[in-house]
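The values are calculated or read from the model by the stated rules, or taken from the named source; none is laboratory data. Quick caveat: nothing in here was measured; it's all calculated off a predicted structure. Please note: Cβ atoms are built from the backbone with ideal geometry, for glycine as well, and neighbour counts cover all protein chains shown.
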Amino acid sequence: MNGRACWTGSREDEELLRQQTVLARFGEFALKSENLDEILAEACRLVGEALGTDLAKVVELQEDGQTLLVRAGLGWRPGVVGEIRLPLDERSSEGHALKSGDPVTSPNIDEETRFHYPAFLKEHGVRAIANVIIIGGRDKPPYGILQVDSREPREFTESDVAFLRSYANLIAAAVDRLRVLAQMRDSNRELERRVAERTRQLEAEAAERERAQKALRQAHAMETLVEHLPIGAGLIGPSGHILVANPQLRRLLPRPLVPSVDPQTGSEWTAFHPDGQRVAPQDYPAARALRGEIVLDMDFLHAGAPGRARWRRVSGIPVHGDNKAVAAALVVIVDIDGEKRAAERQALLTREVDHRAKNMLAVVQAALRLTRAEDIGSFVQLIEGRVAALSRAQMLLSAEHWSGADLHSLLRGELSAFLDREGSGPQVALRGPRLTIPADATQPLSMAIHELATNATKHGALSRPNGLVSVEWQIRQAGTEHLRLRWAETGGPPTQGPPSRQGFGSRVLNGTLRNQLGGQVVMTWDAAGLVCDIDFPLRDTPADTAADAQP
């Protein structure tokens, strides 16, 4: 009898290890790939490997909300994947799963009375199925269904279903990451289209000004023409002095001499190419136009006092006199600072979203590797709680466009079950000022609070009906602003001092708050319960650089 128990336990351990290995392998693949079809095909292959079935599929809910498409699969004959569409019917196992949100298993579909199954399943010899929903992004419907199909009658265990749910959540995270990246790329393409359209307009305007300039013979005629233009325009003489300028050019170039040094102040006007190289005085569009060159749409960053650095698009066109020698340079300046900085912000946001999505998947992989539990149910519960904490942090950041998260909202998200209890009153008290946590600190702090709450629920104050957790925070000024937060438990079981070994929660507190954020964590155990003091710096945003304009 004992030998059989050991053999059974060993087989269950082997199955759990195989499933955890598949989760890690798929997480690594989903982290690297940016092709949804590849990710879904690999998901079907690995899930079949993990559960020992040679048939599996991902069924995608279509935009009409009434149709399901077999989007990816393993082991199906041609004509199934990408082609078979099923109506969303409550009498189908897929429809029931999407409506209820619960997994569905059928150990023998020949004896099944709850649902009817499509003909292609029976044509492939399917006898048993198990499926779980693949959730959608925030405020979005489910993506679809992950289903494994067995050609033999089979009782899918609770462990199998728990594995499928964790696996489906990894698929959902990968789908959501690719959806966000696609939106960012679409936004970038639209921005590029608008910039290109504006550039074409400016090029057309420059060409028109060039044709008009040929007819100018006197400086006062040119001044009359450009007086009310919305761009800076003027004539620069061979000595570098501004001969004629409209109001916009006078605003952009308040000094009378270009392109390098103002002899009255001795201050140098500086500009930088997009690659960061400084523009030499002889390379300014005005200087080149005075040498007879036509310079169109040269973009660079003007720097100097007063004002902050700004992007300009400058053109220089030589104006020939009656003897065909260069008599002056027509300079046209367009302020493109808004367009440039919008493009930079868009590129930064795209990189930030991609980085955070990859970082979240890496954290999930670490949690899978490091989590220890007495049984499969406890393991699944711990993993789901930690993944949920990550998800809440990501939703807070997404709501604020990845600029940060409200601390009070973060705490309520992790502790809501103990704040809004009916009848017995709250077990958690929150006290502190309104505060926005920087984006890079949101996820680490959310994970730390989740681990403290998990520990308090299992071993501390929140394991007792009359236990209480007090969370207080304040801002400490020490050169750089610091957040000081205290987690204090009372009314829990008697404490015996610090634990004998370091668990996942302690690793999270040390690895995120100390190592990642450069903060401090002090944990003490007294007769009343655990007290955890957290202190870490809040980073400031650097000020803009001052700027000026120079053609």
Check your understanding: For residues in segment 91-139 being over 41 Å from the mean Cα position of the chain (by Cα) and of a type in the set (S, T, N, Q), which is nearest to residue 160 (Cα to Cα)?
Key -> 108
Exercise for review: From (1) free of Cβ contacts under 8 Å to residues at least 24 places away in the same chain; (2) closer than 22 Å to residue 21 by Cβ; (3) crowded, with 21+ Cβ neighbours inside 10 Å, pick out the condition that doesn't hold for residue 157.
Suggested key: (3)
Check your understanding: When you go through 138, 189 one by one, which is the residue that is assigned by TED's automatic domain parsing to the domain that holds residue 63 and farther than 30 Å from residue 294 by Cβ?
Key -> 138
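If we keep just the residues of segment 412-441 that are among the charged types (D, E, K, R) and modelled with pLDDT under 85, which is nearest to residue 499 (Cα to Cα)?
Initial filter on segment 412-441 (among the charged types (D, E, K, R)): 412, 414, 420-422, 431, 434, 440.
Of the ones still in play, those that are also modelled with pLDDT under 85 are 414, 420-422, 440.
Details: 414: 23, 420: 30, 421: 30, 422: 33, 440: 30 Å.
That would be 414.
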Study note, to complete from the structure: Exactly one of 41, 30, 24, 50 is modelled with pLDDT of 85 or more and touching a helix residue (DSSP H, G or I) at 6+ places or on another chain (Cβ under 9 Å), and that residue is 50
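Does residue 241 satisfy the criteria of being modelled with pLDDT of 80 or more, under 43 Å from the mean Cα position of the chain (by Cα) and exposed (fewer than 15 other Cβ atoms within 10 Å of the Cβ)?
Working: modelled with pLDDT of 80 or more: yes; under 43 Å from the mean Cα position of the chain (by Cα): no; exposed (fewer than 15 other Cβ atoms within 10 Å of the Cβ): yes.
Taking the combined requirement at face value, the residue does not satisfy it.
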Point to revise | Residue within segment 442-461 that is among the hydrophobic types (A, V, I, L, M, F, W, C), at pLDDT below 80 and either crowded, with 16+ Cβ neighbours inside 10 Å or farther than 17 Å from residue 538 by Cα (or both) present | key: no
Study note, to complete from the structure: Within segment 464-489, the residues that are modelled with pLDDT of 90 or more and either among the polar types (S, T, N, Q) or not assigned by TED's automatic domain parsing to the domain that holds residue 414 (or both) are 470, 474
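I'd like to check which strands (runs of 3 or more DSSP E) are fully inside segment 65-123 and have at least 1 residues that are without any contact (Cβ under 8 Å) to a residue 24 or more places away in the chain and basic (Lys, Arg). Reasoning before the result, please.
On the way: elements: 67-74, 85-87, 104-106.
Filter on segment 65-123 gives 85-87.
Condition check: touching a Gly at 6+ places or on another chain (Cβ under 7 Å) and in the same structural domain as residue 163 (by TED's automatic domain parsing). Does residue 110 satisfy that? Steps first, answer last, please.
Working: touching a Gly at 6+ places or on another chain (Cβ under 7 Å): no; in the same structural domain as residue 163 (by TED's automatic domain parsing): yes.
No; evaluated as a whole, the condition is false for this residue.
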Point to revise | Candidate set from segment 127-145 (those that are in a loop (DSSP other than H, G, I, E, B) and out of contact with any Ser or Thr (no Cβ under 7 Å at 6 or more places or on another chain)); member that is surrounded by the fewest Cβ atoms within 10 Å (Cβ to Cβ) | key: 139
Review point. Restricting attention to segment 416-436, does a residue exist that is touching a residue at least 12 places away in the same chain (Cβ under 8 Å), farther than 21 Å from residue 528 by Cβ and hydrophobic (A, V, I, L, M, F, W, C)?
Key: yes
Review point. Do you know which residues across segment 465-488 are crowded, with 16+ Cβ neighbours inside 10 Å and in a loop (DSSP other than H, G, I, E, B)?
Key: 467
